[in-house]
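Q: One structure coming up, written as structure tokens, with questions to follow.
The values are calculated or read from the model by the stated rules, or taken from the named source; none is laboratory data. Everything numeric here is computed off the predicted structure, so don't read it as measured data. Reconstructed Cβ throughout: ideal geometry from the backbone, glycine too, with neighbour counts over all protein chains shown.
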Amino acid sequence: MHILTSEFFNRDTHEVAKDLLGKVLYHRKGENLYRAVISETEAYHGTEDLACHCSKGKTPRTEIMFGEAGYIYIYLIYGMYQMLNFVTMPMDFPAAVLIRGVKDAVLTKENNSEIIFQNNQTNGPGKLTQKLQIGKELNKKLISPVNNLWVCDNGIYIPEKDIHTGKRIGIDYAKEWRDKAWRFYID
């Protein structure tokens, strides 16, 4: 098990989005430990990308995306869903990877009992944050065990033939950017 550091995230957003597939997301909430395999991501890359929150410039909400790679960016949509993103690229280039789906999610409780979630309970960005208890309190924190949310390379190998790309979801407003195949997923 190898904990991913800022160095992993300080690369091209598309590479990070693809390379996160098969990595294991961990979240400690109190005495409970959640873990799940990342199975779907989307890349949001720069101010020219009209689907990226930073396309309108730096705001208090998006300033984290202009910061150092390896930080957590969480925002709320529809007044009820927290969206988990990881900041990528060097400082001052706004970009992030949205974690769209996870599979094989498990909650280990303080008494070492385990609850296994069905994949259909975590196959969307709002669903996964709800099931894994990921909330706004993690926004603008470093991805690290110290901050109770981290990602590890546990040696899960995903063959290239099992990695698929497609259009990002829910961004019809983004003109020509809606057609970019910047969504990465595994079956």
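Condition check ((1) more than 17 Å from the chain's Cα centre (by Cα); (2) surrounded by fewer than 19 Cβ atoms within 10 Å (Cβ to Cβ)) across all residues:
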| site | (1), (2) |
| --- | --- |
| R100 | no, no |
| G124 | no, yes |
| P145 | no, yes |
| G155 | yes, yes |
| E176 | yes, yes |
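Q: Taking the condition of being out of contact with any Ser or Thr (no Cβ under 8 Å at 6 or more places or on another chain) and under 21 Å from M65 (Cβ atoms), how many residues in the stretch 149-166 meet it?
A: 2
Q: Exactly one condition in (1) buried (at least 18 other Cβ atoms within 10 Å of the Cβ); (2) in contact with a Gly (Cβ under 7 Å, 6 or more places away or on another chain); (3) more than 21 Å from D179 (Cβ to Cβ) is not met by Y81; state its number.
A: If we test Y81 against (1) buried (at least 18 other Cβ atoms within 10 Å of the Cβ); (2) in contact with a Gly (Cβ under 7 Å, 6 or more places away or on another chain); (3) more than 21 Å from D179 (Cβ to Cβ), just (1) comes out false.
Q: Starting from the stretch 70-88, take each residue that is at positive phi and list its partners that are at pLDDT 95 or above and in a strand (DSSP E or B), counting only C-beta distances under 9 angstrom and pairs at least six apart or across chains.
A: G70/F86; G70/V87; G70/L142; G70/S144
Q: Let me ask you something else. Out of E114, E110, E160, I need the residue that is surrounded by fewer than 16 Cβ atoms within 10 Å (Cβ to Cβ) and out of contact with any strand residue (DSSP E or B) (no Cβ under 9 Å at 6 or more places or on another chain). Which one? Reasoning before the result, please.
A: Numbers: E114 fails: out of contact with any strand residue (DSSP E or B) (no Cβ under 9 Å at 6 or more places or on another chain); E110 fails: out of contact with any strand residue (DSSP E or B) (no Cβ under 9 Å at 6 or more places or on another chain).
The conditions single out E160.
Q: Checking L33 against (1) in contact with a Lys or Arg (Cβ under 9 Å, 6 or more places away or on another chain); (2) among the hydrophobic types (A, V, I, L, M, F, W, C); (3) closer than 30 Å to S113 by Cβ; (4) crowded, with 21+ Cβ neighbours inside 10 Å, which test does it fail?
A: With respect to (1) in contact with a Lys or Arg (Cβ under 9 Å, 6 or more places away or on another chain); (2) among the hydrophobic types (A, V, I, L, M, F, W, C); (3) closer than 30 Å to S113 by Cβ; (4) crowded, with 21+ Cβ neighbours inside 10 Å, L33 is out only on (4).
Q: Could you please tell me which pairs satisfy a Cβ distance under 7 Å, a separation of 6+ or placement on different chains, a first residue in the stretch 105-129 that is closer than 14 Å to L25 by Cβ, and a second residue that is part of a helix (DSSP H, G or I) and at pLDDT 95 or above?
A: Hits for this filter: A105/K131; F117/K131; T122/L128; T122/K131.
Q: For the stretch 178-187, name all the residues that are exposed (fewer than 14 other Cβ atoms within 10 Å of the Cβ) and either within 14 Å of D49 (Cα to Cα) or at pLDDT 95 or above (or both).
A: Once the filter is applied, which keeps residues that are exposed (fewer than 14 other Cβ atoms within 10 Å of the Cβ) and either within 14 Å of D49 (Cα to Cα) or at pLDDT 95 or above (or both), the stretch 178-187 yields D179, A181.
Q: Please go through the stretch 14-31 and pick out each residue that is out of contact with any helix residue (DSSP H, G or I) (no Cβ under 8 Å at 6 or more places or on another chain), under 25 Å from E137 (Cβ atoms) and part of a helix (DSSP H, G or I).
A: A17
Q: Among Y73, Y34, Y44, which is the only one that is more than 14 Å from the chain's Cα centre (by Cα), part of a strand (DSSP E or B), modelled with pLDDT of 95 or more and not hydrophobic (A, V, I, L, M, F, W, C)?
A: Of the residues listed, the single one that is more than 14 Å from the chain's Cα centre (by Cα), part of a strand (DSSP E or B), modelled with pLDDT of 95 or more and not hydrophobic (A, V, I, L, M, F, W, C) is Y34.
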